[in-house]
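A quick write-up on the structure given underneath.
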Amino acid sequence: ARLQPGDVVILCSDGLHNLIETHEIFALVDREPPDHACSGLIARALERGAPDNVSVIVARVASSAH
């Protein structure tokens with residue numbers, strides 16, 4: 001399937017995924033711009049004692065200009 005305007009792509013390390021439930025990730029990404037969502041997710045993982053590196057990329061597909 002092709003990405004559509006408004007779709008969000010999340011790429012993260014296990015340092016994030018192992019500590020934050022999927023529904024928590026989606027909730028934060030849904031209400032925050034991508035840069036704030038990344039910062040919030042990393043902060044939450046670190047607060048929960050991330051034993052490893054925490055990396056995350058959040059990208060929202062913009063609408064195409066015609």
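Between the beta carbons of Ala62 and Ser39, assuming R0 = 30 Å, the FRET efficiency works out to 0.90 to the nearest 0.05. Nonpolar atom fraction for the chain, defined as the carbon and sulfur part of the 1.4 Å probe accessible area, stands at 53 percent.
Protein heavy-atom accessible surface, 1.4 Å probe, per residue over the chain: 70 Å². Computed 3J(HN,Hα) for the stretch 12-27, one whole-Hz value per residue from the Karplus formula 6.51 cos²θ - 1.76 cosθ + 1.60 where θ = phi - 60°, is 9, 7, 5, x, 9, 4, 6, 10, 10, 5, 4, 5, 5, 4, 4, 4, glycine and proline marked x.
Here the extension length gained between Val9 and Asp52 equals 13.3 nm, from 0.36 nm per residue of separation less the Cα-Cα distance.
The values are calculated or read from the model by the stated rules, or taken from the named source; none is laboratory data. A quick note: this is a predicted structure, and the numbers were derived from the prediction, not measured. Positions of Cβ are backbone-derived with ideal geometry, glycine not excepted, and every protein chain shown enters the neighbour counts. Just so you know, the surface numbers come from the protein's heavy atoms only, side chains and all, with ligands and any DNA or RNA stripped out. Shrake-Rupley method; radii C 1.70, N 1.55, O 1.52, S 1.80 Å.
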